Amino acid sequence: MIDGIIYKTVSRVSKKIYVGQTTHSLKRRIAMHLAQANRLDRNRSNYFYSALRKYAAGSSIIEIPTGYQTGSFLWFVVDHATTRKELNKKEKYWIKKLGCKVPNGYNSTDGGEDNPMNNPEIAAKFSGENNPMKRPEVVAKIRGENHPMFGRTGKNSSHWKGGKSIRRGYLLLRIPNHPLADHLGYVSAHRFTWEKHRGPIPPGKEVHFRDQSLKNVDKWGRRYRDSSIKNLYLGPFRKGGKRVLGGYLLLLKPNHPRANIAVGYVYAHIFNWIKYRNPIPKGKRVHFKDRSLKIVDKWGRRYRDPSIKNLYLWP
């Protein structure tokens, strides 16, 4: 017996629907979809992942009363199943009922495709003692210094992408010794470009984009904002120096010891705990008594209550 769900997601821009199945939670499946969309090359991506990159790139997964939201996509659970066969059958049913197969929707097939590893006979060939990764002589050949990727970091790594990373639609450059670099050695490209061409950013000011669209695409299919100097301008902090990321409220406190050095934001619950209690001891973390996203600001952003009465310290 399994605990499976049938889910659908609707784009508020194109009005098209995608239906899928999973045995994970809906939130985890959404995260998997977003990660997969960013990994796929543009030339071989399907309609759904192209739409995710276009309408949900760099978006957080926000919990709403009826499900979740990422960018312009709304996600809902529409059905449940307790067996793999039932899950496949219901996925086909909902795709047909909602008429969401390409070109009317984002589904490329009729649904119900089963993973071969769900077949016990096939799975038995790769489990237990039959799994080559369970054999010591095989593992010894790829462990430690014997691994072909051992010691290959930076430019020598097979994952090296020119020292560039993309987070939430922002281009980051790997410059470890730069004063604005984060703990991984990355600097926001728009801030780096501004300081290079215009000079240091004055206190109380922030670098903004004239065009916020994710129209730039690198050869790995990752979309990001244009960080060239012609697309940048200096202005005051927006939205009261507050941001919402993953349901957490962040405050703009560039000089705070717990602030992110690249962008100057600190988590509001951490800031409040240090302000009203004491510094956070090593090995402890600040937790929420109520984790629901019940607070909504005037821009419609939902986040957890970071007030001191809703916080406690725990490992």
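Do you know which residues across region 147-201 are modelled with pLDDT under 85, among the charged types (D, E, K, R) and buried (at least 16 other Cβ atoms within 10 Å of the Cβ)?
D182
For region 232-315, please list each of the strands (runs of 3 or more DSSP E) lying entirely inside it that holds at least 3 residues being without any contact (Cβ under 8 Å) to a residue 40 or more places away in the chain.
The strands (runs of 3 or more DSSP E) meeting that bar are 232-236, 248-252, 265-267, 285-288.
Exactly one of (1) in contact (Cβ under 8 Å) with a residue 40 or more places away in the chain; (2) closer than 21 Å to R12 by Cβ; (3) surrounded by fewer than 19 Cβ atoms within 10 Å (Cβ to Cβ) is unmet by H80. Its number?
(2)
Yes/no matrix, rows are residues, columns are (1) surrounded by fewer than 19 Cβ atoms within 10 Å (Cβ to Cβ); (2) more than 29 Å from N177 (Cα to Cα); (3) in the same structural domain as K294 (by TED's automatic domain parsing); (4) polar (S, T, N, Q):
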position: G247; (1), (2), (3), (4): yes, yes, yes, no
position: L252; (1), (2), (3), (4): no, no, yes, no
position: I270; (1), (2), (3), (4): no, no, yes, no
position: W273; (1), (2), (3), (4): no, yes, yes, no
position: Y276; (1), (2), (3), (4): yes, yes, yes, no
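Would you point out which residue out of S213, S227 is surrounded by 14 or more Cβ atoms within 10 Å (Cβ to Cβ) and either assigned to a helix (DSSP H, G or I) or in the same structural domain as Y170 (by TED's automatic domain parsing) (or both)?
When all the criteria are applied, what remains is S227.
Pairs only if they're at least six apart or on different chains, beta carbon under 6 angstrom, first in region 144-165 and not assigned by TED's automatic domain parsing to the domain that holds V187, second of a type in the set (S, T, N, Q); list them, first residue then second.
Hits for this filter: zero, empty list.
Looking at K219, K196 in this structure, which one is within 27 Å of Y55 (Cα to Cα) and either assigned to a loop (DSSP other than H, G, I, E, B) or out of contact with any strand residue (DSSP E or B) (no Cβ under 8 Å at 6 or more places or on another chain) (or both)?
On inspection, the qualifying residue turns out to be K219.
Return the total of residues in region 157-178 being among the small types (G, A, S) and more than 19 Å from S228 (Cβ to Cβ).
Final tally of qualifying residues: 2.
Please work out if G235 is within 22 Å of Y265 (Cβ to Cβ) and either more than 24 Å from the chain's Cα centre (by Cα) or among the hydroxyl-bearing types (S, T, Y) (or both).
Answer is yes for this residue.
Looking at region 89-144, which of its residues are among the charged types (D, E, K, R) and assigned to a helix (DSSP H, G or I)?
Within region 89-144, K89, K90, E91, K92, K96, K97, E121, E129, K134, E137 qualify.
Looking at region 241-249, can you tell me whether even one residue there is closer than 30 Å to Y49 by Cβ, of a type in the set (F, W, Y) and touching a Ser or Thr at 6+ places or on another chain (Cβ under 6 Å)?
no
Are any residues in region 11-37 in contact with a helix residue (DSSP H, G or I) (Cβ under 7 Å, 6 or more places away or on another chain), assigned to a helix (DSSP H, G or I) and crowded, with 17+ Cβ neighbours inside 10 Å, and if so, which ones?
Within region 11-37, H33, L34, A37 meet the criteria.
With assigned to a strand (DSSP E or B), in the same structural domain as T109 (by TED's automatic domain parsing) and either closer than 17 Å to S108 by Cβ or modelled with pLDDT under 90 (or both) as the only criterion, which of K8, K85 stands out?
The conditions single out K8.
Residue under question is Y106, and the condition is that it be in the same structural domain as V10 (by TED's automatic domain parsing), aromatic (F, W, Y) and touching a residue at least 40 places away in the same chain (Cβ under 8 Å); does it hold?
Yes.
Out of S127, S50, S60, S72, which single residue is in the same structural domain as G20 (by TED's automatic domain parsing), at pLDDT below 85 and either farther than 21 Å from H24 by Cβ or among the small types (G, A, S) (or both)?
Among S127, S50, S60, S72, only S60 is in the same structural domain as G20 (by TED's automatic domain parsing), at pLDDT below 85 and either farther than 21 Å from H24 by Cβ or among the small types (G, A, S) (or both).
The values are calculated or read from the model by the stated rules, or taken from the named source; none is laboratory data. As the structure is a computational prediction, the values presented were derived from the model and not from experiment. Reconstructed Cβ throughout: ideal geometry from the backbone, glycine too, with neighbour counts over all protein chains shown.
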